[in-house]
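A short worksheet on the structure shown next.
The values are calculated or read from the model by the stated rules, or taken from the named source; none is laboratory data. What you see is a predicted model; the values in this text were computed from it and never measured. Because the Cβ atoms are built from the backbone with ideal geometry, glycine has one as well, and the counts that use them run over all protein chains shown.
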Amino acid sequence: MKKLAILCISLLFAAGTALRAQDEITFSSVHRLDGALYSYPGAGSEMTFGASALYTFFEGNLGDFSWSVSNHWLSTEPASLYRDLTLSTTYTFLDWAYLAYGIGDFTVTLGKQCVALGGFEYDKYDYEIFDPLASRYWNDGSSYQWGGMLSWAPSENHSFDLQFVSSPTFYMPELRQDETLVFPTAPFEQKYFAGGDYALFLRWYGSIGNLSTIWSISNATYHNILGRGNYVDLVLGNRFEAGNWNFTLDYYYRWGMNYQAMFSVEDRLSDHFALLWKAGYIDGARTDRSYQFGTALQYYPLQESDNLRIHALCSYGNFYGDTLTVGLGLTWRFDWTLLER
């Protein structure tokens, strides 16, 4: 899916005029091939190609302007990428396409972009994520929306984003009325901004010593047969680095509905190996209590580059019903510089 996590627009200009003085255009392709076995206790099992996909990235800086275009050309369900291109609820062959203009410490960005949700999980590229270990916010949300963003980077250690976009469909527990489940009808199966549904995000990137933060608060509107409404999400992403170790806690809270915590520990064992442990927990007034945990071993065979990654993973949890998952995969990124001056 996502993503999520994508290039942080607000940091493109954090180095100020010195960074923008160099014009550069690049093209990249990412090839991911996965195999995953999903076992459902008491209900059989299935084998899939997991998160297999083909992505390309066309990016550049020219003067005070920069742009980025990400295409998702292939997936395990390729037809879905080329269907319903105008709906805000689907993932299409165009993940994002935006133009940014920087002036001083400020950057204005327009186009299709990743929503400015906090948390370190959302800050990664889609192809870097291990789906069976990811949160429901990452797995269930339509991360790429049309709109605009104003970014301010007052220093190298802090930046702020204010974003207005069409309403995404983040993981939303069903609404209950008289024991009847009523699912929101918007922005589900809806065109961008149709029906007046939108989302407003405020995000902060911070760095204080060994502690890094990606926090956000957002308000998104929706409507269903019960009327109009909104949901407010607070996301607190915190990472502490100690040598080769990273300790990360992404905490998601939806006002009046539920909370979700994802904790991970990553150890860069050597130049070629990394080990990830990750666990998640969901609870709240409008969702069933659930959990998930697992581990992934990553191998980087290239010298002085992480562009080739081979991984093996195992996870267990009940975010989507009791599921045991084991998987193997390969991700290979190729980069070309088209212009540099």
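Numbers below:
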{"item": "Total residues in the stretch 261-312, condition among the acidic types (Asp, Glu), outside any loop (DSSP other than H, G, I, E, B) and modelled with pLDDT under 95", "result": "1"}
{"item": "Residue identified as touching a residue at least 24 places away in the same chain (Cβ under 8 Å) and touching a His at 6+ places or on another chain (Cβ under 7 Å) among 300, 259, 291", "result": "300"}
{"item": "Scan of the stretch 190-219 for residues that are of a type outside the set (Lys, Arg) and modelled with pLDDT under 90, ordered by number", "result": "190, 192, 193, 194, 195, 196, 197, 198"}
{"item": "Candidate set from the stretch 84-96 (those that are part of a strand (DSSP E or B) and not acidic (Asp, Glu)); member that is nearest to the chain's Cα centre (by Cα)", "result": "96"}
{"item": "Answer from 81, 99, 110 - the residue that is within 30 Å of residue 325 (Cα to Cα), outside any loop (DSSP other than H, G, I, E, B) and of a type outside the set (Ser, Thr, Tyr)", "result": "81"}
{"item": "Residue check, residue 116 modelled with pLDDT of 90 or more and assigned to a strand (DSSP E or B)", "result": "no"}
{"item": "Qualifying residue in the stretch 11-26 (condition: at pLDDT 80 or above, surrounded by 15 or more Cβ atoms within 10 Å (Cβ to Cβ) and not acidic (Asp, Glu))", "result": "yes"}
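Let's see how each residue does on (1) crowded, with 19+ Cβ neighbours inside 10 Å; (2) within 16 Å of the chain's Cα centre (by Cα); (3) under 20 Å from residue 115 (Cα atoms):
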| site | (1), (2), (3) |
| --- | --- |
| 201 | yes, yes, yes |
| 205 | yes, yes, yes |
| 210 | no, no, no |
| 219 | no, no, yes |
| 222 | yes, no, yes |
| 231 | yes, no, yes |
| 234 | no, yes, yes |
| 237 | yes, yes, yes |
| 242 | no, no, no |
